[in-house]
Protein chains: 4
Amino acid sequence: MSDSISELTTQIQTFVDARDWRKFHNAKDLSVAISAEAGELMQHFVWQQEEQIERRLEAHREEIASEIADVAILLFEFADNLGYNLGDVMQAKIAHNDIRYPVDKSRGNNLKYSEL
Amino acid sequence: MSDSISELTTQIQTFVDARDWRKFHNAKDLSVAISAEAGELMQHFVWQQEEQIERRLEAHREEIASEIADVAILLFEFADNLGYNLGDVMQAKIAHNDIRYPVDKSRGNNLKYSEL
Amino acid sequence: MSDSISELTTQIQTFVDARDWRKFHNAKDLSVAISAEAGELMQHFVWQQEEQIERRLEAHREEIASEIADVAILLFEFADNLGYNLGDVMQAKIAHNDIRYPVDKSRGNNLKYSEL
Amino acid sequence: MSDSISELTTQIQTFVDARDWRKFHNAKDLSVAISAEAGELMQHFVWQQEEQIERRLEAHREEIASEIADVAILLFEFADNLGYNLGDVMQAKIAHNDIRYPVDKSRGNNLKYSEL
């Protein structure tokens, strides 16, 4: 089932272990790979003006999905390698953001919590 | 349940909508934010030598979890906004990588599929 | 004289050598540091709307200068370490772009050379 | 003369103005482009082990030079657009680092100034 973070993570680790790649996937190199893939995802939007973005998203639908998957796959593996439960870590951060960005102060503006 | 991508995504979109932030979260700005957060995650490992990384991971365990969560939260929202099912997209990419990186050719080396 | 790439590069290498840092500054770690610093520079503009950017530039004038300097200092060192003459490499690229982006086809649009 | 930051900057701005691209080159989009190009530069070293880097540098000498040039060209333009003198800004930062990283405390270690 592809909605389960833990099952996807198991698939990813099975892929990695079948290739004996764990030795390459130390925390530093994983963080570098995640940043590089996030850069590739962003490449699709460099210099794009607002009115061009919709067309871009349609014309490059497959590549963009593929870049998002690249970042996500590495991120799931990274969290697992470090012994985090990704879903728990995300929920903790959402809860934290809920406090840092109170609805009444944040509504409709893009100020950082430190500027609220 | 924090293991479900779709339930976490619903939590994230509820958070965003409560603040009326969808208007800021266009595809370009989301890709930029994802890349910036991935850069923050990588910052923890800049200049770190192999033997320093373990200590770093322990000393900054909370911040690193928080950076991973930041990337993941934005990525889940991004995929959802573009109408992708993140889990499906990930599974398709894992299957694609399985073909691009045959176990017998990839085992124990870090060559790109184009170099195999 | 601070307008000379070679003199600034000498200053940077003198700084690095005085601290015996060349052993840390291998090509991979330098490229990672450059990307991380470029990410910090970009952080200033994440989520910023067009009409907010001017104010941002004024309010954070010193930090932004400092981030630009960080990227430039690492880039000058990187080019020098790899045995490139940065100025020559830049001029060669400008000349190359001049051909890839003919004025009559590129004027006023932001298409990539591959789309012209 | 390609050793002069100001002369290279003039060449870059002449290139940009001939194409009427200044309207696309706002501070945010420039910072995004710089980060994306720095990511491309880093791509050359993702997953590379220490013993592979030398070979990589030789085999991809032209592309790496080209990526360095891309980052530098955008950075020179960015500094100029914001009214900074890049050389001055770099010298000021080198001087600042000289204080933050005293030779006797920094020699041979890679600690951040905040950890010294």
Which shape class, rounded, prolate or oblate, goes with the protein assembly as shown when its Cα gyration tensor gives a ≥ b ≥ c as root eigenvalues, a/c under 1.5 marks rounded, and past that a/b bigger than b/c marks prolate? rounded
Given a cut-off of under 8 Å on Cα pairs at least six residues apart, what relative contact order in percent is computed for chain A? 29 percent
Excluding A:Leu82 itself, what net charge comes from residues whose Cβ is under 14 Å from its Cβ, given Lys and Arg +1 and Asp and Glu -1? -4
D:Lys105: which lysines have alpha carbons under 28 Å from its alpha carbon, excluding same-chain residues fewer than 8 sequence positions away? A:Lys28, C:Lys23, C:Lys28, D:Lys93
Phi-derived 3J(HN,Hα) across region A:13-22 with the Karplus relation (6.51, -1.76, 1.60, θ = phi - 60°), rounded Hz, x for Gly and Pro, is 5, 5, 4, 5, 5, 4, 9, 6, 9, 4
Taking the rotation axis that maps chain C onto chain B, which residue of C brings its Cβ closest to that axis, and at what distance in whole Å? C:Gly39, 1
Sites A:Glu62 and B:Gln49, calculated FRET efficiency, Cβ-Cβ separation with R0 51 Å, nearest 0.05: 0.85
Quick one: accessible surface of C:Lys105, probe radius 1.4 Å, all protein chains present, in square angstrom to the nearest 10. 120 Å²
Mind listing P(r) for region D:1-66? All alpha-carbon pairs, 5 Å bins, whole percents. 3, 14, 14, 18, 18, 14, 11, 7, 2, 0
³J(HN,Hα) computed for each position of region A:70-78 - Karplus, 6.51 cos²θ - 1.76 cosθ + 1.60, integer Hz, glycine/proline x: 4, 4, 5, 4, 5, 5, 4, 5, 4
Accessible surface, per residue, of the protein assembly as shown when the full set of protein chains is kept, probe 1.4 Å, Å²: 44 Å²
Vicinal HN-Hα couplings computed from phi for region C:33-40 (Karplus, 6.51 cos²θ - 1.76 cosθ + 1.60; Hz; Gly/Pro x): 5, 4, 5, 5, 5, 4, x, 5
Chain pair A, B: how much accessible area is buried, both chains summed, with a 1.4 Å probe, in Å² to 100? 5900 Å²
Hey, any idea what % of chain C's accessible area is carbon plus sulfur with a 1.4 Å probe? 49 percent
Under the rule of -39500 (n - 2.57) per DSSP H run of 4 or more residues, summed and divided by the residues of chain B, what mean residue ellipticity at 222 nm is obtained, to the nearest 500 deg cm²/dmol? -22500 deg cm²/dmol
Note on chain A: alpha-carbon gyration tensor, axes a ≥ b ≥ c; rule is a/c under 1.5 for rounded, else prolate if a/b larger than b/c, else oblate; result oblate
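The values are calculated or read from the model by the stated rules, or taken from the named source; none is laboratory data. Predicted model only: the values in this text are computed from it and were never measured. Please note: Cβ atoms are built from the backbone with ideal geometry, for glycine as well, and neighbour counts cover all protein chains shown. Quick note on the areas: whole protein, heavy atoms, side chains included, nothing else; ligands and nucleic acids left out. Shrake-Rupley method; radii C 1.70, N 1.55, O 1.52, S 1.80 Å.
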